[in-house]
Structures are given as structure tokens and as C-alpha cells.
1. What is the distance in Å between the Cα centroid of segment 1-61 and that of segment 227-249?
2. Which ³J(HN,Hα) values, rounded to whole Hz and listed in residue order, are derived for segment 159-169 from phi using the Karplus coefficients 6.51, -1.76 and 1.60 in 6.51 cos²θ - 1.76 cosθ + 1.60 with θ = phi - 60°, glycine and proline given as x?
3. Under the definition of Cα pairs under 8 Å and six or more residues apart, what whole-number percent is the relative contact order of segment 16-301?
4. Looking at 17, 278, 200, which one has the Cα that reaches farthest to the positive end of the dipole of segment 16-301 (charges on Cβ: Lys, Arg +1; Asp, Glu -1)?
5. Among 367, 319, 209, which residue has its Cα furthest toward the positive end of the charge dipole of the chain, with +1 on Lys/Arg Cβ and -1 on Asp/Glu Cβ?
6. Give a residue-ordered list of calculated ³J(HN,Hα) values for segment 305-311 (Karplus: 6.51 cos²θ - 1.76 cosθ + 1.60, θ = phi - 60°; whole Hz; x for Gly, Pro).
7. Can you give the extra length, in nm with one decimal, that the chain gains between residue 44 and residue 223 once fully stretched, where that is 0.36 nm per residue apart less the Cα-Cα distance?
8. Under a 5 Å amide H to amide H cut-off, with H placed in plane at 1.01 Å, what residues pair with residue 156 once short-range neighbours are removed?
Amino acid sequence: MITLHRPRYHFLPPRHWMNDPNGLIHWRGRYHLFYQHNPFGPTWGVMHWGHAVSADLVHWQHLPLALAPTPGGPDQDGCWSGCAVDWAGTPTLVYTGVRPEVQCLATGEGQDLLVWRKHPRNPVIAGPPAGLEVTGFRDPYVWREGEGWRLVLGSGFPGRGGAALLYRSPNLLDWEYVGPLCQGEASRLGHNWECPNFFALGGRYVLIISPQPLGKAVYITGDYAADRFTPLVEGDVDSGGSLYAPQVMVDAQGRRILWGWLREGRSREACEEAGWAGVMSLPRLLTLLPDGRLSAQPVPELQALRRRSVRWGPCTLAGSLPLEGLSGDGLELYITIALGSAEGVALAVRRSPGGEEETRFIYDRNAGTLRCDRSRASLSPHQDRTPYEGCYPLQGDRLTWRVFLDASVIELYADGHTCLTTRIYPERPDSLGLALEALGGEARLEALEAWEMAPIWPANGSL
Ligand code: DQQ
């Protein structure tokens, strides 16, 4: 039963614990994905960096651990999150060593980047600027600017709120504190920011932060010049309560691609019994909408996983329409609905024939929201049932959803501007059904196409 919950086309390590994506880099035509990893068990622990590689962004090969704590070194209590840069032809990881939180470098060797050497000058940032009291000091994100480098760190000011601290360097080794790139009020954006990302997109700049204790990732788009960021528009990266600590990379085509850690929505005991915890989101292509909001869509490469397909519609949606003949826990759905007189639409997935288990996604036209109802997602007492909802301002009458079902993961992309990702652990083997429902009126299902999705691992199983 437990293997039923293990995703087949989302990335995760062979076993044990995974959290944040780290060090994403497109190097010599291959995508390298590193991640926070406890190689000793399915719970958070002493952090190492796991490593995997892909030629196509879809199929992955596991590689040996990239970073492990060095006894007596500045990372002796853990190699925490960080990024990767091209340092004059040398792939270089910039990460937080613990404890206390300091910033370190490691350089990669060989075609497959299997060997990583920690820099003799570690730590390259040995602590917060003198006299500055901070709530955290970690998760470096580095970029080239002019002739030098810039770096932001996740941090916060006690009693005030989270902050991203900006540094500059001529050589990646000597760093000077510039000041806060951005700071927030604790009441709204938490007391400490983790895993900042900062990059140019569509003529503007985007700051992504993971504020504690909000447990979600937030983006702020705005303008940036001469080390100053002017925030303009703010929103949630994902409204489902699962995606956290995302990292954004740029690939050879100049695309900005985001991965996030999808946290479990089950108890620690259930993770221990399963022997694994933590999944990576699908890689998401970022663009900026004309109104300054961030848009995320699954990368087109994922279409390579589509297999047998089934089509529905066009037809009238009045009340509930069970999608007979369509079932599964490894599917992609593409749904277009004209709302007509309906006040909303609900999609039920992973539904047992009698409805004892089901997860519902509900669009509420009056509220302008998309909601996820997991109250009956599983009969198991270990299932997290917290409801989540996101702002979903629909323009016009038509909604277009892409939904990815993969065992315990569901990702819903609504009209290219609202993402809602959740985790569910149905117990019944027959909880595989789907249904669509028009709420408070009549809608029209213009088209529903569903594909069975192939696994991303070799058939002989690398796991
Ligand atoms: N996870 C890492 C930290 C980071 C946090 C430790 C965010 O570097 O702040 O595993 O999930």
C-alpha cells in the first residue's frame, strides 16, 4: 500500500529524506540537480547534498553524494542550501556551512561533476556584519553583475521581520556587505527569510523568498538598479501549502526554471514506515505577466511522458459528471471549461467509487479563489487535511487547468497564473476515479484530455 504513495514521474532520491533543491546548473548540456538530503533516514538530520543528472529535464540518473560535512570544518554540522555558478569555467557551489551559519565554496571536477573540493579559504563569509543582529544567515544565491558578483542571503532582523542581505565581491572569495536588498514586516512576511532567489525576468527583477514561519514561497517583482530593489507586485509562488524553498536556474536557452521541495502531508511515523520523505515539484518555466505577476507552467519537455490518451467533451456540465472510463494515479489532465451560469466548478480526483475518499479542487467565481479540500483525501489518520486556497482572478468566462496526478502528488496549474500543489495519501486501491461538477448553475466542458504518464526512471528500475 505504501509504495502506492511514491511518485513515479516526480524526482525524488532512491530512499530517505530530501528537502530543498540546491545548486541547479545546466552544465555541458546536462541539467544537474542537487538537493538537501539526509542519507541516514527519512527525517531531517545532518544535511548532505544529493546529486542527480538529466539530459532532457525529464529522465534522471542518481549520482553519488556531492557534499558531506567535513569533521572539524566550517560545515561540520551540515551542508545547508546554496546555489551553483560558473566561476570562469569551473562549476562552483556556494552553500551554507553549519554551525554557526557561514558561507562556503566547493568546486567541481570531471565531466559528470562527481568530485567536489571544498575551497581552502572556507568560510568565505564567516558571519554576519559586525554589529548586525540577525535571525538567520544562510542560503546564498549568487549571480554575475558587471565585472563582479552579487550574493543574497536569507536573514531577518529581530523584532522587525525577514530580510534578504546583499553582498558584493570582485572574485567570489572576498565579500563586502552592501545592505538589505529587501525587508518585510514580521506580521505579514515572517521573522526570517530562507532560500532567497533574485534574477531578471521579462524586463523586471524577481525576488523569491521562503518566509518562516509561513511555510510557503512568496515572489516579489520589481525594479533593480545600482544595488537597489524597488518592490512592485507580490504573490504566492504556489497556494497549496506544500511547495517550499524553491530554486530558480537559467538554462542554455535562457529559460528560468523553478523547482520546489514538496513537503509531505502525512505524519512523521508514516514517513518512517515508508522509508522516504520529500519530492521535487515538476520543473516550472517562469514568465512575467503584463501586470507584473509571476507565471509558472510545467516545462514543455514533460510532454515526452504522455502515453495513451482519452478525450471528453464538448458537453454540458450540469451537476456532477463522473468521468467514467478515466481513472488513475499517474495522469496529466488538460481541461477547458466555459463557466456559463455556473458559480464555480469542482474537480474530484483519487475518488473511490462510493466517495469515501476523494480530493476536491474548487473554483469559486464570486470569491475569485481556487481551493483544495482534503477533508476526505484519505481514510488514514496520518493524512494532513488542512485546506488551502489561492487567489484566482479569472479574466472572462473560460478556465483552463492542467492537472498532474502522481501518486501522493497533485499539481494544478490554473490559467498560467495560479499554482496549487498538494499531497494526498489515499488508502483504498480503488481511489482512482475522477468527476467534474458545475456548482450553482450550468457550465460547458469544452474539452478534457487525459494522458497516462510514463515513469521517469529506467524500466529495469534504478531504485
Ligand atoms: N533548509 C536548509 C536551510 C534552509 C532550509 C536546511 C529551508 O539551508 O534555510 O536543510 O527549507
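1. About 22 Å separates the Cα centre of segment 1-61 from the one of segment 227-249.
2. So the J values, rounded to whole Hz, are x, 10, x, x, 7, 10, 8, 9, 10, 9, 8.
3. 13 percent
4. Value computed over the given set: 200.
5. The listed residue farthest towards the positive side: 209.
6. Listing the rounded values in order: 8, 5, 10, 3, 10, 10, 10 Hz.
7. So the chain would gain 60.8 nm between residue 44 and residue 223.
8. Under 5 Å from the amide H of residue 156 lie the amide H atoms of 135, 136, 163, 193, each far enough along the sequence or on another chain.
The values are calculated or read from the model by the stated rules, or taken from the named source; none is laboratory data. Here the structure is a predicted model, which is why all the values come from computation and not from measurement. Positions of Cβ are backbone-derived with ideal geometry, glycine not excepted, and every protein chain shown enters the neighbour counts. Note: accessible area is taken over every heavy atom of the protein model, side chains too, but ligands, DNA and RNA are not part of it. Shrake-Rupley method; radii C 1.70, N 1.55, O 1.52, S 1.80 Å.
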